[in-house]
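Heads up: the structure comes next, in structure tokens.
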Amino acid sequence: MNRRFGNGAANSNIPDLPPGNGNKMEYHRSKPLTVDNPRRLSVRERKMALLQDVESLKKKLRQEENIHRALVRAFTRPLGSLPRLPPYLPQHTLALLAEVAVLEEEVLRLEEKVVHFRQGLHQESVHRSPRTI
């Protein structure tokens, strides 16, 4: 049998009414609560759960903001310097950032080579062209 459709009282947080108590329920408290109060307890429990969710989400947001700041620093660093990466970044992110730094250095080196080769070609073309006046 599917548990979802089982006994409703077993699945809820509301205790069964004791026989002969009418519409009052007693909890382990000093004064009895009416039937409406379990609903309020449920609202309070939901409010507490939502507050915990908010705190959890705030913590996650702070972590994400820290990661964002670290990534911005990593990508706006001066060329030629390796990024200082904080240890709280996920391991795969650290590996990717390190690889990006190495590739950026390689691209910079290759761009410098291209400039050097172009200068050489220009020098060579100037020296080989016949001077006609």
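FYI, it's all coordinate maths here, none of it is from the lab. The structure presented is a predicted model; accordingly, all values stated were derived computationally and were not measured.
For the Cα trace of segment 49-97, dividing Rg by the Kirkwood Rh returns an Rg/Rh value of 1.15.
At full extension, Leu71 and Asp53 could sit 3.8 nm farther apart than now, given 0.36 nm per residue minus the alpha carbon distance. For segment 97-111, the Karplus equation 6.51 cos²θ - 1.76 cosθ + 1.60, evaluated at θ = phi - 60°, returns couplings of 5, 5, 5, 4, 4, 5, 5, 4, 5, 5, 4, 4, 4, 5, 5 Hz by residue, with Gly and Pro reported as x.
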